[in-house]
1. Can you say whether residue 268 is modelled with pLDDT of 75 or more, charged (D, E, K, R) and more than 19 Å from the chain's Cα centre (by Cα), as far as the supplied structure shows?
2. Looking only at segment 39-54, which residues are within 13 Å of residue 346 (Cα to Cα) and either open to solvent by 60 Å² or more (accessible area, probe 1.4 Å) or of a type outside the set (Val, Ile, Thr) (or both)?
3. Given (1) in a loop (DSSP other than H, G, I, E, B); (2) hydrophobic (A, V, I, L, M, F, W, C); (3) closer than 18 Å to residue 232 by Cβ, identify the lone condition not met by residue 303.
4. Show the residue pairs that are 6+ apart or on different chains and have beta-carbon atoms under 9 Å apart, the first residue being within segment 303-323 and under 13 Å from residue 67 (Cα atoms), the second being among the hydrophobic types (A, V, I, L, M, F, W, C) and open to solvent by 40 Å² or more (accessible area, probe 1.4 Å).
5. As an exercise: evaluate residue 273 against (1) out of contact with any Asp or Glu (no Cβ under 7 Å at 6 or more places or on another chain); (2) under 30 Å from residue 60 (Cα atoms) and give the number of the one condition it does not meet.
6. Need the failing condition index for residue 248 against (1) small (Gly, Ala, Ser); (2) closer than 19 Å to residue 187 by Cα; (3) open to solvent by 20 Å² or more (accessible area, probe 1.4 Å), just the number.
7. Inspect all residues belonging to segment 120-127 and state whether any of them is under 26 Å from residue 322 (Cβ atoms), among the aromatic types (Phe, Trp, Tyr) and either in contact (Cβ under 8 Å) with a residue 60 or more places away in the chain or open to solvent by 40 Å² or more (accessible area, probe 1.4 Å) (or both).
8. Between 327, 282, which is open to solvent by 50 Å² or more (accessible area, probe 1.4 Å) and modelled with pLDDT of 75 or more?
Amino acid sequence: MSTDSTAALVKSPGAASDGPAEAGPSGRGPRSRSAAAYLRYVAGKLAGAAVSLFAVLVTSFFLFRMIPGDPVKHMTQGRPVSTEQLAAMRREFGLDLPLWQQFTDYCAKALTGDFGMSYQFRAPVIDKITEALPATLLLTGTAFVIYTVLGIWLGARSAWRGGKFGDRFGTAFALTLYSVPSFWLGLLLIVTLSVGVGPIPGVFPTGGMESGGQSGFAHVLDVAHHMVLPVLTLVAVEYARTLLVMRSSLLDEMGSDYLTTARAKGLRDDAVRRRHAVPNALLPTVTLLFVNLGNTVAGAILVETVFSWPGLGGLFYQALSVPDLPLVQGLFFLFAAAVILMNTLADVIYPLLDPRVGR
């Protein structure tokens, strides 16, 4: 090949060695196009979340009005009340208005964060939610941290030793606990570890958040003592999902060429798993973690009810028994909104971790 032809090849557009490639006639390079595609992707996800939130708002209004029972009669049960007094209470709560007007008033107020007054507590719904939220976050947040760490760790070890006895036993045990209803497992723990069975003494409280009369560090220990059984119930039921997702993701990475290259460089097996395999296998688990984080706000209705935990789940159960429509609607919207927002956040963050998504 001649010197002139060699020089032509070196200066050709495909061999961009003299500096960065030009953006082209439109003035937009690959990075600009990528950013624009990501913004369109985020805008689509946000629009979908807004539609979902509106659908939840509509569903929460009509769904709970199908519950049989009259809230006014339930609140006055056992007391002599005249027809005029019942009508006055219905006017006070706005139950005498046409359904379409109740719906428009509810939507208009909900957009400002006003979910109305609770029928049974005679207090703003948002105040009752604010009171119960810390107890729920303490319980489900503690369980979330424990079952997330436990599920990722056990899932990674199970996949790395796939097919062996430990993998088979651990997976079968996790699936068994995951299939057990949480309220049944909670009742079983109360019977065995709170009440006591045979030689097994009862060492934990049967319910509640505190014994009362404690302060300082003694109060912290008392609350932790009451948390043991409900947290154990939540962890036992929920860690299997994280374990299975982590295990499946890591098994998909096991045959990758970059792991073979890492071993060829002389890295120990533990280092290959910890530095290379697990970080890449964590990507699918990110979505699950955000979903679980949304469920942390939603609480655990059955577990909180079984253990008489004063959180959002117990409050929701009380509201359903009336039915306290404003309180039920506000809690339902909060639960669904938390899950929707966490899912949307996961969808927005995921392309930053894996550029193949959303492009």
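1. Spelling it out, residue 268 is indeed modelled with pLDDT of 75 or more, charged (D, E, K, R) and more than 19 Å from the chain's Cα centre (by Cα).
2. 41, 45, 46, 49
3. Only one criterion in (1) in a loop (DSSP other than H, G, I, E, B); (2) hydrophobic (A, V, I, L, M, F, W, C); (3) closer than 18 Å to residue 232 by Cβ is unmet by residue 303, namely (1).
4. 320/67; 323/67
5. (2)
6. Answer for residue 248: the failing condition is (2).
7. Yes, there is a match, as at least one residue in segment 120-127 is under 26 Å from residue 322 (Cβ atoms), among the aromatic types (Phe, Trp, Tyr) and either in contact (Cβ under 8 Å) with a residue 60 or more places away in the chain or open to solvent by 40 Å² or more (accessible area, probe 1.4 Å) (or both).
8. Being open to solvent by 50 Å² or more (accessible area, probe 1.4 Å) and modelled with pLDDT of 75 or more holds for just one of 327, 282, which is 282.
The values are calculated or read from the model by the stated rules, or taken from the named source; none is laboratory data. Owing to the predicted nature of the structure, the values given are computational and were not obtained by experimental measurement. We place every Cβ from the backbone using ideal geometry, glycine too, and count neighbours over all the protein chains shown. These accessible areas exclude ligands, DNA and RNA; they are computed on the full protein's heavy atoms, side chains included. Shrake-Rupley method; radii C 1.70, N 1.55, O 1.52, S 1.80 Å.
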